[in-house]
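Right, one structure below, let's go through it.
The values are calculated or read from the model by the stated rules, or taken from the named source; none is laboratory data. Bear in mind the structure is a predicted one, so any value in this text is a computation, not a measurement. In this analysis, Cβ positions are derived from the backbone assuming ideal geometry, glycine residues included, and neighbour counts consider all displayed protein chains. We work out accessible area using only protein heavy atoms, side chains counted, and drop any ligands, DNA or RNA first. Shrake-Rupley method; radii C 1.70, N 1.55, O 1.52, S 1.80 Å.
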Amino acid sequence: MSDPGSVSGGTGLEASAAAGVDQLSHVDDSSQKQRKPRSLWSDAWGELRTKPSFIISLVIIAIIVLMAIWPTLFTSVDPRAADLDKSLQSPSGDAWFGYDLQGYDVYARAMHGARASLLVGIFATLLTVLIGSTVGIIAGYAKTWIDSLLSRFADIFAGIPFVLGAIVILTTLNAPTENPGVFQIITQVVLSIAVLSWPVAMRIMRSATLVAKQQDYVKAARGLGASPLRIVFRHLLPNTVAPVLVYATIALGAFIGAEATLAFLGIGLRPPVVSWGVMISESRDYFQSAPHMLLFPAGFVTITVLAFVMLGDAVRDALDPKSR
């Protein structure tokens, strides 16, 4: 007969062993959860949250976007309400930024002018990135005569000076005596910027595609018989979008500056459109007598461009582990 004590002792040992196994399994599970690798985007977000330049630029951009969407939150003055009796008056308590030649409130026009400038920058960036990324990923993945043809085609547009190309395009579309509507002139400026800027996005996407398509996961997908479209959209595009995103962030600020440049030359946005570029254009002959007409809209353009450049630099550093 077996000893009851030995049976109970054996049962206790087995229970202890089972409890120990359960504890070890819980420890292993928790350790596996802790060791779960972070994605590039989550790691980049964790890095961005600690960067003061990212926070500052994000706050500035949020304010600019708020001005563009709801300018009435910042001013109740009609930007098109002219009072010739107040022409060229300096900043005061009634008008923080003073008045322009026509008696418009410069502060009100600066608040409302954010919309047109930001719209041009956003749509020009979207169109530039869409054209450049599509051509770049095709050229990088094909790597045949198609790559050579598309690369030479991009070199033609890259060799055109931006200001000269914009002058040719916009003056061809609009005769000097024509006065295009708001939608028409904004569309033409966006198209002009995109047509002259897409080769940069194309080269960035092509280079990223050439690197990504040599990775093992792309070779494995090709070996398993995946179609080119599946490889491009499922494997290449998610792993090549980061450098293009960085370029788009910086380019958006640059395109807002380009809008101001074209308006200053008299070939971009023009009245009745209210934009920072139009305000700068209207002030060029009155800088000595009324410098506030130029300084305030130019200051908004400078701060906005600087904010997007700071944001792009922060995103670039966060998405590039080698820079840390």
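Within the range 288-308, the set of residues being open to solvent by 40 Å² or more (accessible area, probe 1.4 Å) and in a loop (DSSP other than H, G, I, E, B) comprises Gln288, Ser289, Pro291. Contact map, the range 90-104: residues that are touching a residue at least 24 places away in the same chain (Cβ under 8 Å) paired with residues that are of a type in the set (S, T, N, Q) and open to solvent by 60 Å² or more (accessible area, probe 1.4 Å), Cβ distance under 6 Å, separation 6+ or inter-chain. Pairs shown: Gly98/Gln89; Gly98/Ser90.
With the condition kept exactly as written, say whether any residue in the range 145-153 is in contact with a Leu (Cβ under 8 Å, 6 or more places away or on another chain), open to solvent by 50 Å² or more (accessible area, probe 1.4 Å) and among the β-branched types (Val, Ile, Thr). Looking for residues that are in contact with a Leu (Cβ under 8 Å, 6 or more places away or on another chain), open to solvent by 50 Å² or more (accessible area, probe 1.4 Å) and among the β-branched types (Val, Ile, Thr), one finds none in the range 145-153, hence no. Every test in (1) closer than 27 Å to Val244 by Cβ; (2) assigned to a loop (DSSP other than H, G, I, E, B); (3) open to solvent by less than 30 Å² (accessible area, probe 1.4 Å) is passed by Ile160 save one, and that test is (3). Here Ala251, Ala220 are screened, and the one residue that is in a helix (DSSP H, G or I) and under 21 Å from the mean Cα position of the chain (by Cα) is Ala251. Remark: pairs (first residue in the range 269-283, aromatic (Phe, Trp, Tyr); second residue part of a helix (DSSP H, G or I); Cβ separation under 6 Å; 6+ apart in sequence or on different chains) = Trp276/Gly113; Trp276/Ser117; Trp276/Ala260; Trp276/Pro297; Trp276/Phe300; Trp276/Val301. Does the range 77-87 contain at least one residue that is modelled with pLDDT of 90 or more and out of contact with any Ser or Thr (no Cβ under 8 Å at 6 or more places or on another chain)? Looking through the range 77-87, none of the residues is modelled with pLDDT of 90 or more and out of contact with any Ser or Thr (no Cβ under 8 Å at 6 or more places or on another chain).
Of all residues in the range 244-276, those satisfying the criterion of being hydrophobic (A, V, I, L, M, F, W, C), more than 12 Å from Ala298 (Cα to Cα) and open to solvent by 40 Å² or more (accessible area, probe 1.4 Å) are Leu245, Ile250, Ala254, Leu265. Only a single item in (1) surrounded by fewer than 14 Cβ atoms within 10 Å (Cβ to Cβ); (2) closer than 28 Å to Ile193 by Cβ is not met by Ala114, and it is number (1).
Out of everything in the range 220-232 that is within 17 Å of Ile137 (Cα to Cα) and open to solvent by 100 Å² or more (accessible area, probe 1.4 Å), what residue ends up being modelled with the lowest pLDDT? If we take residues in the range 220-232 being within 17 Å of Ile137 (Cα to Cα) and open to solvent by 100 Å² or more (accessible area, probe 1.4 Å), then Arg222 is modelled with the lowest pLDDT.
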